[in-house]
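Working notes for the structure below.
The values are calculated or read from the model by the stated rules, or taken from the named source; none is laboratory data. Since the model is a prediction, treat every value here as computed from it, not as a measurement. Ideal geometry is used to build each Cβ from the backbone, glycine not excepted, and the neighbour counts take in all protein chains shown. Just so you know, the surface numbers come from the protein's heavy atoms only, side chains and all, with ligands and any DNA or RNA stripped out. Shrake-Rupley method; radii C 1.70, N 1.55, O 1.52, S 1.80 Å.
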Amino acid sequence: MTPTVAAGHPELPVVDRAVADLLIENPDDADLLLRQAQLRTKAGNWDAALESLDHARERGAEPSAVSSARAGVFLAAGLPYLAKYEYDRALAERPDAFEARFERGRVNLALGDSEAADRDFGEAIARMPEPRPEHFVIRKNALVAAGRIEEAVGALDEGVARLGHLASLELPAIELEIRLGRFDRALARLDGLLETTPTSVAWIARRAELLERTGRSEDARAARLGAIRQLEARQTRNPNRAGRELAERLRRELAMSGSKEGDTRETTSRTPSARTPHL
Amino acid sequence: MRPHLAPLALALLTFSFPSEALGVTVTRGPYLQKPTTGSIVVRWRTDMPTDSRVSYGTTSGSLTSFADDATVTTEHVVPVSDLSADVKYFYAVGTTDGTVLAGDDADHFFRAHPTPGVPRPMRFWVTGDGGFADANGMAVRDAYEAYNGTSSADFWLLLGDNAYLLGTDANYQAALFDMHHDMLRNTPVWSTYGNHEDFSANDFTETGPYFDLFTFPTAGESGGVASGAEAYYSFDYANVHFIVLDSEGPATGGGQPDYTGPMMTWLIADLEATTADWVIAFWHRPPYSRGRLHDSDFEGNEINMRENVLPTLEDYGVDLVLTGHSHSYERSYLLDGHYGFSSSFDLATHALDSGDGNPTGDGAYRKSTVGPAPHEGEVHVVCGSSSQVRIETLDHPAHRIGLLELGSMVIDIDDDTLDAKFLNDEAQVTDHFRIVKGPPCPPAPRTGCEAGASGKLTLKKHPFDDLRDRLNWAWQDGAIAESEVGEPANQTDLALCLYDQAGLVLGGALPKGERWSTDGRGNLRYKDLSEEAIGMQKIKINFSQPFLKVKGAGAELGLPGLPLTPPVIAQLVQLDGGACWESSFPVAEANHARKFQAELP
């Protein structure tokens, strides 16, 4: 695990000095000391960050918060074993600290213990009142890396159950369903997305590909025709290269899928007429 | 979205609270969040816990509708729904016993968003790094109020670092809620997450003051695709789609930034779905900036946004990118395709229009497509001087202008025209650029053009070979001044448009630049034997003995099938100033499948 690069934060010393000034006025402000530690961690100033955390603990900062912050320092410094030790301490004191638990999952992952990582991720997410797509995707990535594809789909499904049919969860799930050869399930997910965003021509085109792979050539053809019609309607108002290219690709795919000659001509004839000005 | 209710909330106390008797005071707000076409969220803070009521109505003094929340709390977050789009409602906040704590006057009002996709004139205010609650911040605020007069902006964009030094609740109270109290009660505010917010909040877990005090859409409620996150989201306002990104990670907690993760997956889906006329993106870290503390060649987040996010935005046709971070004002040319370090910037390659974009300077920036179209160019603005100016070098080559002035931006969009102004702390406009979208030739001829008393138009259509199509137009016996035509060799945009009774026949923009030259007497010449631009080969514009001659040929003309339906009108249009010259042919001498010819008088 490589340390987080601290480059690119030239402002941090400036802020650090300002926080130091604030601490002169409020030397017992444990919360401010925790923020100072966070700043110093971002700046790559590990020793100073740990010193700030010692001071924070002496001034009454919550021990689990201090341990979590120390873990953050070690993690950023590329010392995952020490980070795990601190997260263990934090979680021993506050088993409900879901942020620390999730971070320990990452440390476990870095240490090669994917089972422990998944356990931490899963428990942390379950405790989170409002998890984000990132939490589910990180867990999914860990499971995929461990070859546990089916469970990875399940992790994303848990996210869908809690957050809804987000593209950021459903699209990776579709990829995994395809890897598992479950094209019908991939299609169902895509249909769910299209219910929320029926105008997404790229998704319609993707749907046609999936239909083709399930052997439903006629449905694929219909999906491509639908996508082409939508594209042409959109092109009337917003002609653009991406739309033109996608329409061309769909027409090629239509032709390659062995569709009837007459039908192909039908779609071709919907291209802008010769009367369309050359703009 | 996630107010900390626990410390002061008495969630089980749901009885009507005698707030007036206890002298409850509003200590924050009210302020307006997450407007949609049918709802808005009204928020405020009280010094003592009470339940919540928003009373509202379309007539001031007659607030007959109300939205209640029985939860007893100091952090009041009340959604008001069943609103009519774009209708002005007056409101008051208080408690369910009918006590009014604030509002019920002419200054407390809100509007639900207008119908998405339908153009409507709009104005929004933009501030970046406005987090110092001091005289500088006040001067910027007062300058905007002086400029804007009595009208209110439709909404307000915060570009991050909204509350120095650490983005704490107390910092926000001073820099946002106390400083801008009057504006917040009637102007919805949208924000992006800055590095100073990151000192107190966590964009990965969406915890901390920033996420506690704002309510942003996560489920696409205000338009756009659901992001599932408040650190990045989108919303629609009339014919404009706004995208808010998180440039502080993005959102990976202790890990390295992941530009293949959920934010990017969502961004692509969101861009894919929008059909809005305009796409405006904003985040905190500028892809192009040159400052003493912040240099986009050296800071990782800036580099990451430029290399990983900007190409996607350009693929889908972003029009304007607003950022802050550097405490200065920097504004680019109309750019496309520059993702490297400043040393690799090449004006000829990366500036699609190297002019100033100023309608009173060398003309607006133009994008030929209304709606999202890839790589037609966008303007980048670093507006980070809304409460402090820092000595910066301001010499990033992507930028057309750099100013060390306190200020903010006022942006007006009316249908196909965007006007962006930098307003300094003395209420002076020190930069102005315009972007106009749409084809240079509208569907119907322009009116008010200078007609030439004499003229001739010949169109020849080859039966099977477009390369042999021809166009010749001559205009004379009218007035045409050099000052009206401008300098097409430099920055002036010209277009040629041809109409018949049914509408536009052919036309398009004539590229400015090296194809144009001036002869010894100041007359203009255009020459392009490759006929790349709408098939134009040669154009002559004489000023001393006014005449205009146009010669075009080939497939690029786009000459449709003949005959045409008179009247046939040929126009030369100066797009920046609006002057135009035309020949209108009411009848034709020849008009059949191979040839159209008409002459004046």
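Descriptive notes on the structure:
- Overall, chain B carries a charge dipole of about 2120 debye about its Cα centre when +1 sits on the Cβ of Lys and Arg and -1 on the Cβ of Asp and Glu, all other atoms neutral.
- Magnitude of the charge dipole for the protein assembly as shown, about its Cα centre and with charges confined to Cβ atoms of Lys, Arg (+1) and Asp, Glu (-1), is about 3440 debye.
- Once both labels are positioned 7 Å from their Cα atoms along Cα-to-Cβ, the gap between A:Thr214 and A:Asp54 label points is 6.4 nm.
- Between A:Arg229 and B:Glu514, the modelled labels are 4.9 nm apart [label points 7 Å from Cα along Cα→Cβ].
- Neighbourhood net charge (10 Å Cβ-Cβ; Lys/Arg +1, Asp/Glu -1) for B:Ser544: 0
- Neighbours of B:Gly522, meaning other residues whose beta-carbon lies under 12 angstrom from its beta-carbon, give a summed charge of -1 when Lys and Arg score +1 and Asp and Glu score -1.
- Note on B:Asp465 and A:Leu180: with the Förster distance fixed at 60 Å, the Cβ-Cβ geometry gives a FRET efficiency of about 0.65.
- Per residue accessible area of segment B:243-341, 1.4 Å probe, in Å²: 20 Å²
- Mean ellipticity per residue at 222 nm, deg cm²/dmol - from DSSP H runs of n ≥ 4 across the protein assembly as shown, formula -39500 (n - 2.57): -9000 deg cm²/dmol
- Absence of a disulfide-compatible partner, taken as no other cysteine beta carbon within less than 4.7 angstrom, is noted in the protein assembly as shown for B:Cys383.
- Integer Hz, Karplus 6.51/-1.76/1.60 couplings in order for segment B:349-357, x for Gly and Pro: 8, 9, 9, 6, 9, 8, x, 8, x
- FRET efficiency, B:Ala106 to B:Ala219 (Cβ-Cβ, R0 30 Å, nearest 0.05): 0.35
- For segment A:36-74 versus segment B:369-388, the spacing of their alpha-carbon centroids is 39 Å.
- The residue list B:Leu524, B:Ser454, A:Ser200 was ranked by how far each Cα lies along the charge dipole of the protein assembly as shown toward its positive end, using unit charges on Cβ atoms, and B:Ser454 comes out on top.
- C-alpha center-to-center spacing [segment B:173-227, segment B:481-539] in angstrom: 49 Å
- Rough spin-label spacing in nm, given labels placed 7 Å along Cα→Cβ, for B:Ser483 and B:Ile391: 4.3 nm
- Between A:Pro129, A:Ala61, A:Val144, the Cα set farthest toward the positive side of the dipole of segment A:51-174 (charges on each charged residue's Cβ, about the Cα centre) is that of A:Ala61.
- Protein heavy-atom surface of chain A, 1.4 angstrom probe: 52% of the accessible area is carbon and sulfur, with nucleic acids and ligands not counted.
- Other residues whose C-beta falls under 14 angstrom from the C-beta of A:Asn26 contribute a net charge of -3, scoring Lys and Arg +1 and Asp and Glu -1.
- Accessible-area ranking of B:Ser247, B:Ser530, largest first, probe 1.4 Å: B:Ser530, B:Ser247
- Computed E for B:Asp178/B:Lys527 - FRET, C-beta separation, R0 51 angstrom, nearest 0.05: 0.20
- Contact residues in segment A:88-129 (at least 50 Å² less accessible area with all protein chains than alone, 1.4 Å probe): A:Glu99, A:Arg106.
- Between chain A and chain B, roughly 4500 Å² of accessible surface gets buried, counting both sides and using a 1.4 Å probe.
- Each of B:Pro439, B:Met536, B:Met305 was placed along the dipole of chain B (beta-carbon charges, centred on the mean Cα), and the one lying farthest toward the positive end is B:Met536.
- Assigned charges on the beta-carbon of Lys, Arg, Asp, Glu; segment B:343-494 dipole about Cα centre (debye): 700 debye
- In this structure, the residue pairs whose Cα-Cα separation is over 23 Å, taken from B:Lys437/B:Lys595; B:Lys437/B:Lys549; B:Lys460/B:Lys540; B:Lys538/B:Lys595, are B:Lys437/B:Lys595; B:Lys437/B:Lys549.
- For chain B, excluding the exposed loop sites themselves (GluC sites (Glu not before Pro), DSSP loop, at most 15 other Cβ atoms within 10 Å), the longest remaining stretch covers B:1-425.
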